[in-house]
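Heads up, the thing below is written out as structure tokens.
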Amino acid sequence: MSKELPQNNNNEEVDLLILFNYIGERLNRFFGLFKKIILFFYSTFIFSAKAVIKNIKLIVIVMVLAGVLGYVLERSRPVVYDSNMLVRTNFDTKYQLASNINYYNALISDKNYQALSEIFEISEDDLQHVERFAMAIGPETENERIVEYDRFLKSIDSIRAQDITYDEYLENRDIYSGNLFEITVESRKKDIFRSLETGINESFESKYSLEEKEKRERKLDIRKQSLEAQLNTIDSLQSVYIQVIQNESETTKTNLDLGEGLLLKQDKSQTKEFPLLEKRVKIVDLLRALEEERLEEDELFKVVSQFQPTGNLVSHWYNKYSLLFPLIAFGLLSIGYVARKFAVYVSNYEG
């Protein structure tokens, strides 16, 4: 036994040494890789800085010329203005609106200003200044998005609804998910936007939407007639109960002595005025809610905000030629320098 114990201790020490050597080797490899990465980025930076410093005059001249050219082109471009209009659609008129927006853009691309003039009822000369129409989801609050998400879950299978989170819904929804839309018009003429509203307002009407509106009206009328019929029935029953109570109040109670202290007494009829009154109040509330629903969606669309009389100056980053051209020129110079160095390396390479 005494000889086996030292042998076991020696084995444990050997295992620990192997473990420490393994860990040390892995750490050395990790730090070696980290060192190589740092050296790679450092070498790349030094190589790039050396190339820039060596060719600084050429780079400055080319970028200045590119900036001047970009500035000239930027100033030669016509000034463009835009204005926005917010609309809330009903009866699925959003699909017809999107279709008409695409149609207007197609007419602009084809320079068919005569057709546009017939639609918007303004002169062709004014319409020649219009650049494009655009349609996007209108501004929404978090509460509106939550209500929209809840409405979406109710429209699909309950089992499937459990797998769709709120964030997934917002990420995957399209422009047709809501009913509030922002219509944008870009034009080189800054005071044309109000005159375009008449034509855009006529973009919502379609045979399908009119049929849907008429169908909704018929459904509301049927529900209203049913509730009014119930209300008339309740009023009739209340009249009967009231008449019964009045008759009983006018009739004297009859007590007949049957002898030996026995009396015959006439009981009152049992009526249900209070439950009928509660039922009547509920039906009146339903009728009021019905009329509120009719007033809430009584039109194909509603204009939330109109176009501004004067448009805003459009300024996109991709139109900043005075900044983009120098960057593009520097990128082309860099590509050319690397390509030249690579060509020299290939020509001098000996396998």
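The values are calculated or read from the model by the stated rules, or taken from the named source; none is laboratory data. This structure is a prediction, so every number in the text was calculated from the model and none was measured. Every residue, glycine as well, gets a Cβ built from its backbone with ideal geometry; the counts of neighbours run over all protein chains shown. Note: areas computed on protein heavy atoms with side chains; ligands, DNA, RNA excluded. Shrake-Rupley method; radii C 1.70, N 1.55, O 1.52, S 1.80 Å.
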Of the residues in the range 150-183, how many are modelled with pLDDT of 75 or more, open to solvent by less than 60 Å² (accessible area, probe 1.4 Å) and either hydrophobic (A, V, I, L, M, F, W, C) or more than 13 Å from the chain's Cα centre (by Cα) (or both)? 8
If you go through the range 72-87 one residue at a time, do you hit one that is touching a Pro at 6+ places or on another chain (Cβ under 8 Å) and open to solvent by 50 Å² or more (accessible area, probe 1.4 Å)? no
Six or more apart or on different chains, Cβ under 6 Å: which pairs go from a residue in the range 60-77 that's of a type in the set (Ser, Thr, Tyr) to one that's assigned to a helix (DSSP H, G or I)? Could you list them? 71/322
Tally of residues being open to solvent by 70 Å² or more (accessible area, probe 1.4 Å) and touching a residue at least 24 places away in the same chain (Cβ under 8 Å) across the range 211-225: 1
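Among the residues of the range 170-217, what is the count of those that are aromatic (Phe, Trp, Tyr) and under 21 Å from residue 152 (Cβ atoms)?
Step one: of the range 170-217, the residues aromatic (Phe, Trp, Tyr) are 176, 181, 193, 204, 208.
Filter again for under 21 Å from residue 152 (Cβ atoms), leaving 176, 181.
Summing the residues that are aromatic (Phe, Trp, Tyr) and under 21 Å from residue 152 (Cβ atoms) in the range 170-217 gives 2.
Report, by residue number, each residue of the range 38-59 that is surrounded by 11 or more Cβ atoms within 10 Å (Cβ to Cβ), part of a helix (DSSP H, G or I) and not small (Gly, Ala, Ser).
Step one: list which residues in the range 38-59 are surrounded by 11 or more Cβ atoms within 10 Å (Cβ to Cβ), which gives 47-48, 51-52, 54-55, 58-59.
Narrowing further to those that are part of a helix (DSSP H, G or I): 47-48, 51-52, 54, 58-59.
Within the range 38-59, 47, 52, 54, 58, 59 qualify.
Residues in the range 121-137: is at least one exposed (fewer than 10 other Cβ atoms within 10 Å of the Cβ) and free of Cβ contacts under 8 Å to residues at least 40 places away in the same chain?
no
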Does at least one position in the range 67-74 carry a residue that is at pLDDT below 90 and not in a helix (DSSP H, G or I)? no
Cross-chain or 6+ apart pairs with Cβ under 6 Å, the range 282-309 first and touching a residue at least 24 places away in the same chain (Cβ under 8 Å) and more than 30 Å from residue 81 (Cβ to Cβ), then open to solvent by 80 Å² or more (accessible area, probe 1.4 Å) and part of a strand (DSSP E or B): none
In the range 63-106, which residues are touching a helix residue (DSSP H, G or I) at 6+ places or on another chain (Cβ under 8 Å), among the hydroxyl-bearing types (Ser, Thr, Tyr) and more than 30 Å from residue 327 (Cβ to Cβ)? 83, 89, 93, 95, 104
Check whether at least one residue in the range 94-110 is open to solvent by 40 Å² or more (accessible area, probe 1.4 Å), among the hydrophobic types (A, V, I, L, M, F, W, C) and assigned to a helix (DSSP H, G or I), and report yes or no. yes
Can you tell me which of (1) open to solvent by 80 Å² or more (accessible area, probe 1.4 Å); (2) at pLDDT below 65; (3) of a type in the set (D, E, K, R) is the one residue 292 doesn't meet? (2)
Filter result for the condition that a residue is exposed (fewer than 12 other Cβ atoms within 10 Å of the Cβ) and modelled with pLDDT of 80 or more, over 300, 324, 313: 313
